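In what follows, a structure is listed as structure tokens, so that the remarks can point back to it.
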Amino acid sequence: MKKVLLVMGTRPEIIKLAPVVKVLGRYKDLESIVLSTGQHREMSEQFFTEFAIAADIHLGIMRPNQSLSYIVSQMAEKLEPVLARIQPDVVLVQGDTTTAAMGGLISYYHRIAVGHVEAGLRTYNIYFPHPEEINRQVISRLATFNFVPTLRARDNLLRETIDGKTIHYVGNTVVDALNDLIKSNAILQQKEDAVSGSDTRTILVTAHRRENFGSPMANICAAIRELAERFKDLKFIFPVHPNPNVRTTVFGMLDNNTQVELCEPLNYLELVRIMLSATIILTDSGGIQEEAPTLRIPVLVLRNETERPEGIDCGIARLVGTDKALIINAVTQLLTDSEAYNRMALVKNPYGDGKAAQRIGNVLRSYLGLRVAEQVEPLECFYSDQKKELE
């Protein structure tokens, strides 16, 4: 029996690979094996439970305040014997984490085919985001399958002289994951109740990137304090990342503000519920930049550069960085100008149609010499000037 090993260790990887796990799990002639590295151990376990998938193998590499070098060394030490024992035909990694980079690199050393889900994202600034930009560039070079979420991501790879035969335009699996949850009437009803039954406007805040440690995080918190003072109907919900570089600043500046709810990281269902009822999202997260278009919530990106420019181009997201005045002005405009708000909220999702996981499954089955029974139509291009390229 052919074997596919799915390597994941952080929340975004679990969210975006869960639809692929479920698609591959439907096949009786293919064994899919889920490996959890434990890069985010406490947070990742709740996501496994929420998406009703289980890790078959646990590496357990996490330790408090771990360094990147530590993660690299642990992955090298603990993944290699697993590959030797299982001998998978394909290893799937997702995104740009150190788990993904080392999972791909070590598999390549063993001459195992590597599939990279969400390939081709770029800022071309090796320190923003750090280390994610280099991680994803490394994976692209060694991958047998580059599963790109957008045509822009495809074009990035082609400009880098990545073999076009490795590139497959499938969409982003986060849309698959969100669609599965949104099918629940309860979630939709919660949004309606929250919007219609409350005079309070909610802003969801997530911030955790390394480049925002220190003064950038302090600037974000200062902007939140001033906005809370300016708009008394605002409620900020801020799930605080466990990294002490984040928690020290955020709790030190916002803990006593009655309009700011600081909480522990949320399970995905609760996060989606809050996103659905939010007026605006402030975030430095890459994943939320992709989720917001499905939910039609304007996003202000707390970064100076993004590897997800499609959201900026279509208008659902705007780069504001970590300058206090820019954050305050952007939020104020959206809260006071309904036309500006609607221009951001009422856009078409540029990240796919919710069938990315099935397309990935079909590519893998074809490669492994297995029959492809569930054909999926080609993904529509969401940029009119590029549609001709697909025809």
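Just so it is clear, none of the values below were taken in a lab; they were calculated from the coordinates. The shown structure was predicted, so the numbers you read here are calculated from the model rather than taken from an experiment. Virtual Cβ from ideal backbone geometry, glycine too; neighbours counted across all protein chains shown.
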Give me the percent relative contact order of the chain, please, defined on Cα pairs under 8 angstrom at least 6 residues apart.
14 percent
Based on Cα positions only, what radius of gyration and what Dmax would you give for the stretch 267-334, in angstroms?
11.4, 33
If you rank R201, R371, R308, R230 by fewest surrounding Cβ atoms within 10 Å, what's the result?
R371, R230, R201, R308
Most mobile of S107, S32, S69 in a GNM of the chain (Cα contacts under 10 Å):
S69
How much length is gained if the chain between E229 and D199 is pulled fully straight, taking 0.36 nm per residue apart and subtracting their Cα-Cα distance, in nm to one decimal?
9.1 nm
Quick one: which of 214-220, 299-305, 256-262 comes out on top by average Cβ neighbours within 10 Å, and what's the full order, highest first?
299-305, 214-220, 256-262
Exposure proxy ranking, count of Cβ atoms within 10 Å, fewest first, for C263, C314, C221:
C263, C314, C221
Explain nothing, just compute: Karplus ³J(HN,Hα) = 6.51 cos²θ - 1.76 cosθ + 1.60, θ = phi - 60°, for every residue of the stretch 133-139 in order, whole Hz, x for Gly and Pro.
4, 5, 3, 6, 5, 4, 4
Long-range amide H partners of K235, meaning residues 5 or more apart or on another chain whose placed amide H is closer than 5 Å, are R201, T202, I203
Summarise the long-distance tail of P(r) for the chain by giving the % of C-alpha pairs beyond 32 Å.
32 percent
Of D163, D89, D199, which has the largest mean-square fluctuation in a 10 Å C-alpha GNM of the chain?
D199
Summing Lys, Arg as +1 and Asp, Glu as -1, what charge do residues with Cβ under 10 Å from the Cβ of H168 carry, H168 excluded?
+3
Cβ-based exposure ranking for F145, F48, in which fewest neighbours within 10 Å come first
F48, F145
Cα atoms only, the stretch 185-345: Rg and Dmax in Å?
14.6, 42
Under the rule of at least 5 residues apart or a separate chain, name every residue whose amide H is placed under 5 Å from the amide H of K2.
E31
Contour minus Cα-Cα span, T161 to A52, at 0.36 nm per residue, comes to 35.4 nm
Ellipticity estimate at 222 nm from DSSP helix runs (n ≥ 4, -39,500 (n - 2.57)) divided over the chain, nearest 500
-14500 deg cm²/dmol
Counted charge near A177, where neighbours are those whose Cβ lies closer than 14 Å (Asp, Glu -1; Lys, Arg +1):
-3
